[in-house]
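Heads up, the thing below is written out as structure tokens.
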Amino acid sequence: MSHLFKTYKSGLHALKDINLQIERGEIFALLGPNGAGKTTLINIICGIVNPTSGRVLADGQDIVRNYRAARSKIGLVPQELSTDAFESVINTVQFSRGLFGKRPNRPYLEQVLKDLSLYDKKDSSIISLSGGMKRRVLIAKALAHEPDMLFLDEPTAGVDVELRRDMWKLVRSLRERGVTIILTTHYIEEAEQMADRIGVINHGEIILIEHKSVLMKKLGRKQLKLKLGAPLASIPEGLPEDLELAAGGHELICILDSSE
Ligand SMILES: Nc1ncnc2c1ncn2[C@@H]1O[C@H](COP(=O)(O)OP(=O)(O)O)[C@@H](O)[C@H]1O
Ligand SMILES: [Mg+2]
């Protein structure tokens with residue numbers, strides 16, 4: 001995508017000149033705090049929100065001009081739970097596949113449900129499922145039409161440990177099949193666990209894009225910062241040497257671990 005801007009009607013500049021190239025087959029994590037613009041960016045790529053200006057190509061297809069062609073390559077797992085139908089799980093994923101004009105493929109869909117530990121629930125109505133199970137259905141829906149790119153918007157925010165583990169396993173197996181994965185998170189641990197590359201977004205701007213190993217090295221310096229009631233002019237005698245004073249003597253910094 002190039003020179004992507006989004007200004008909401010309220011006047012809020014949610015995205016400011018985003019330029020990003022995601023490689024085929026990689027896992028890319030968009031890391032940033034709440035309100036940074038992650039969902040806005042994903043929703044633009046997936047054709048849910050219109051950009052104010054700029055261009056996005058998905059596998060060579062312009063997401064505005066060639067919407068249908070671009071969208072058929074994309075699977076989206078939205079941040080918000082919105083599936084609350086009386087329909088059964090299997091019908092829901094079959095319908096989703098049909099929307100993209102794909103021929104029915106029951107064995108494929110059943111495998112997706114098995115991978116998501118949803119197979120036992122395939123005939124249950126969605127409304128009867130727990131929150132975690134509904135989230136699994138959203139993932140199955142996103143995969144129903146065999147997309148080449150999968151977008152996961154805060155996939156593990158508020159989910160249980162088991163689902164988180166299944167999700168990571170699934171993401172890795174999709175990657176092995178060549179699916180490109182873009183996920184957003186505000187957990188640095190998650191970006192570290194899953195991604196090949198990490199883009200850091202804040203206030204609508206990408207402030208850093210790095211391969212994970214490089215970024216983790218940069219962030220690898222763990223330190224403990226102590227706020228002092230009364231400022232110190234120097235490190236008192238007898239304390240270890242790896243201490244630093246900062247903020248004019250108001251902070252004492254202790255380096256716990258350095259990966260350099
Ligand atoms: N439909 C909307 N109308 C106006 N402002 C919005 C809308 N959606 C999001 N925003 C604002 O845009 C900014 C980015 O939001 P969002 O993309 O949801 O961030 P993130 O997903 O990183 O938490 C926030 O300040 C949010 O309040
Ligand atoms: Mg969001």
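The values are calculated or read from the model by the stated rules, or taken from the named source; none is laboratory data. Bear in mind the structure is a predicted one, so any value in this text is a computation, not a measurement. Cβ atoms come from the backbone with ideal geometry, glycine included; neighbour counts cover every protein chain shown. Each accessible area value is taken on the protein alone, full model and side chains, heavy atoms only, with ligands, DNA and RNA left out. Shrake-Rupley method; radii C 1.70, N 1.55, O 1.52, S 1.80 Å.
A few remarks follow.
- Accessible area of region 2-218 divided out per residue, in Å², using a probe of 1.4 angstrom: 50
- Computed per residue of the chain from DSSP H runs no shorter than four, each worth -39500 (n - 2.57), the mean residue ellipticity at 222 nm is -8500 deg cm²/dmol.
- Candidate residues 212, 217, 6: accessible-area rank, largest first, probe 1.4 Å: 217, 212, 6
- Cβ-derived FRET efficiency at R0 51 Å, residue 217 paired with residue 86, nearest 0.05: 0.50
- Every Cα-Cα pair in region 90-244 was counted, and those over 28 Å apart are 40% of them.
- Sorted largest first by accessible area at a 1.4 angstrom probe radius, with every protein chain in place, the residues 5, 151, 86 fall in the order 86, 5, 151.
- Accessible-area value, residue 119, 1.4 Å probe, nucleic acids and ligands omitted, Å²: 70
- Highest-fluctuation residue, 230, 144, 58 considered, GNM on the chain with Cα pairs under 10 Å: 230
- Cα-Cα P(r), region 2-218, percent of pairs per 5 Å interval: 1, 7, 15, 19, 20, 17, 12, 7, 2, 0
- Taking 18 Å as the straight-line reach from the Cα of residue 16, the aspartates and glutamates in range (excluding those fewer than 8 positions away in the same chain) are 205.
- Both the radius of gyration and Dmax for region 152-221 are 12.7, 35 Å, in that order, over alpha-carbon atoms.
- Accessible heavy-atom area order of 173, 82, highest first, probe of 1.4 Å: 82, 173
- Considering only 248, 89, 130, the residue lying farthest towards the positive end of the dipole of the chain is 89, judged by Cα position with unit charges set on Cβ.
- For the options 231, 51, 147, a Gaussian network treatment of the chain with springs between C-alpha atoms closer than 10 Å singles out 231 as fluctuating the most.
- Along region 169-174 the Karplus relation, 6.51 cos²θ - 1.76 cosθ + 1.60 evaluated at θ = phi - 60°, assigns HN-Hα couplings of 4, 5, 4, 5, 6, 5 Hz to successive residues, with x for each Gly and Pro.
- With all protein chains modelled, accessible area of residue 1 [1.4 Å, Å²]: 40
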